[in-house]
1. For segment 343-376, how many residues are open to solvent by less than 10 Å² (accessible area, probe 1.4 Å), of a type in the set (A, V, I, L, M) and in contact with a Ser or Thr (Cβ under 7 Å, 6 or more places away or on another chain)?
2. So, of the residues in segment 147-200 that are more than 24 Å from residue 262 (Cβ to Cβ), modelled with pLDDT of 95 or more and of a type in the set (Gly, Ala, Ser), which turns out to be least open to solvent (accessible area, probe 1.4 Å)?
3. Would segment 78-86 turn up any residue that is more than 24 Å from residue 234 (Cα to Cα) and either at pLDDT 95 or above or surrounded by fewer than 24 Cβ atoms within 10 Å (Cβ to Cβ) (or both)?
4. Within the bounds of segment 224-242, is there any residue that is modelled with pLDDT of 95 or more, open to solvent by 50 Å² or more (accessible area, probe 1.4 Å) and in contact with a strand residue (DSSP E or B) (Cβ under 7 Å, 6 or more places away or on another chain)?
5. Restricting to segment 176-214, name every residue that is out of contact with any helix residue (DSSP H, G or I) (no Cβ under 9 Å at 6 or more places or on another chain) and either over 26 Å from residue 12 (Cα atoms) or of a type in the set (A, V, I, L, M) (or both).
6. Considering segment 93-118 alone, what residues qualify as being in contact with an Asp or Glu (Cβ under 9 Å, 6 or more places away or on another chain) and either at pLDDT below 95 or assigned to a strand (DSSP E or B) (or both)?
7. May I ask you to list the residues in segment 307-323 that are open to solvent by 40 Å² or more (accessible area, probe 1.4 Å) and within 24 Å of residue 92 (Cβ to Cβ)?
8. What number of residues within segment 87-126 satisfy the criterion of being among the small types (Gly, Ala, Ser) and buried (at least 24 other Cβ atoms within 10 Å of the Cβ)?
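The values are calculated or read from the model by the stated rules, or taken from the named source; none is laboratory data. Owing to the predicted nature of the structure, the values given are computational and were not obtained by experimental measurement. Every residue, glycine among them, receives a Cβ derived from its backbone with ideal geometry; neighbour counts consider all protein chains shown. Heads up: the accessible areas ignore ligands, DNA and RNA and are worked out on the full protein's heavy atoms, side chains in. Shrake-Rupley method; radii C 1.70, N 1.55, O 1.52, S 1.80 Å.
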Amino acid sequence: MATTKVNERIFLSSPHMSDEGFEMGYVKEAFDTNWIAPLGENVNGFERELAEKVGSKAAAALTSGTAAIHLALRAAGVGEGDIVFCPTLTFSATANPIIYQNAVPVFIDSNYETWNMCPQALEEAFQKYPEVKAVIVVHLYGLSADMDRIVELCKKYNVVLIEDAAESLGTYYRGKHTGTFGDYGIFSFNGNKIITTSGGGMLVSNNEERIAKVRFWATQSRDQARHYQHSELGFNYRMSNVVAGIGRGQLKVLNQRVEKKNYIYEYYKRELGGLEGIQFMPSNEWDAPNYWLSSFTLTGKVRPIDIFEALEAENIESRPVWKPMHIQPFFEKYDYVGMDVSEKLFENGVCLPSDTKMTDADLEKIVETIKKLWCD
């Protein structure tokens, strides 16, 4: 059995470069050709290869998933005073770009069946705010939202749908990649994601004209002119050729990373699923998750803080489930539609280490540390 160094930190989800060195090959090419800029063959290649991988017609490589959401909102025509529906159970990067556009977020509750946006709460929100301009849906921890019902509602109310698939690259819903059901989809390549470029994101869409416009905005909206001329507001959001090279190499091992994430989830579920009060994150017959983070909820005497402290004492990283946006100090002034599902998930949720570099010895150490809490 593989072993780990004594007290070496076990991370939640850290960067994992390919054993084959695919990334360095593309990065070396960028240096050898002196394309150390936000354009070049790696940028073009990463866009093309990612779009092909997920089954989208076009993609724009950007500096972050947040930048991708921001430009998706601009591409959707969201502006000052417009209402945008957003899941409350998510990272703030989903909601922040709504504010960048001077728009108004309305937060939507989750359901226990998916941990994602509740279609019933979404329909209630449509009835309350029929003038809504866009909907952002998130695929939390690599679990797919109930896309059939959400897509149906967005079509019924003729509203633009943006998928925040930052955590779900490699997840399938009914055999189709998440991020490709809406008008726009975004992916993140932050250091903790299933594949990483250290930082970066991608916006995908079947609307090639809109993606071309996004690339224009992302390069400071520089007009075609001999001199520097700008007729629209621009942004410095284009991915660099070096970073894109890392992404091209990482994309080659995506399937391996998904396989390992699934292995980690099944290991935890097998070893911990029988403990009293543990309920693992849901899976549905239509969902093939990437299990970016293996998570569960607790009911009973052992509480999340007990697990966090026990793991930290062993130099093992873990974290709570996202704190809902509608109870965050900055966002609490905005409306919220739903009950208390997201708050209960936050109160009772635990995200376990899901690093794809972990050995079986690491996993054994984690589960044994947790099991001891049930023996006290």
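1. 3
2. Filtering segment 147-200 for residues more than 24 Å from residue 262 (Cβ to Cβ) gives 149-162, 182-184, 198-200.
Filter once more, so that each one left must be modelled with pLDDT of 95 or more: 149-162, 182-184, 200.
Cutting the leftovers down to of a type in the set (Gly, Ala, Ser) gives us 182, 200.
Working: 182: 22, 200: 4 Å².
Ranking the candidates gives 200 first.
3. Our first condition is that a residue be more than 24 Å from residue 234 (Cα to Cα); within segment 78-86, this holds for 85-86.
If we keep only those that are either at pLDDT 95 or above or surrounded by fewer than 24 Cβ atoms within 10 Å (Cβ to Cβ) (or both) too, we end up with 85-86.
Looking for residues that are more than 24 Å from residue 234 (Cα to Cα) and either at pLDDT 95 or above or surrounded by fewer than 24 Cβ atoms within 10 Å (Cβ to Cβ) (or both), one finds at least one in segment 78-86, hence yes.
4. Within segment 224-242 (the criterion being modelled with pLDDT of 95 or more, open to solvent by 50 Å² or more (accessible area, probe 1.4 Å) and in contact with a strand residue (DSSP E or B) (Cβ under 7 Å, 6 or more places away or on another chain)), the answer is no, since none of the residues qualifies.
5. Just the residues of segment 176-214 that are out of contact with any helix residue (DSSP H, G or I) (no Cβ under 9 Å at 6 or more places or on another chain), to begin with: 191-192, 206, 208-209, 212.
The answer is 206, 208, 209, 212.
6. Result: 104, 105, 106, 107, 108, 117.
7. 312, 317, 319, 320, 322, 323
8. Residues of segment 87-126 that are among the small types (Gly, Ala, Ser), as a first pass: 92-93, 95, 103, 110, 121, 125.
From what is left, the residues that are buried (at least 24 other Cβ atoms within 10 Å of the Cβ) are 95, 110, 125.
Counting residues in segment 87-126 that are among the small types (Gly, Ala, Ser) and buried (at least 24 other Cβ atoms within 10 Å of the Cβ) gives 3.
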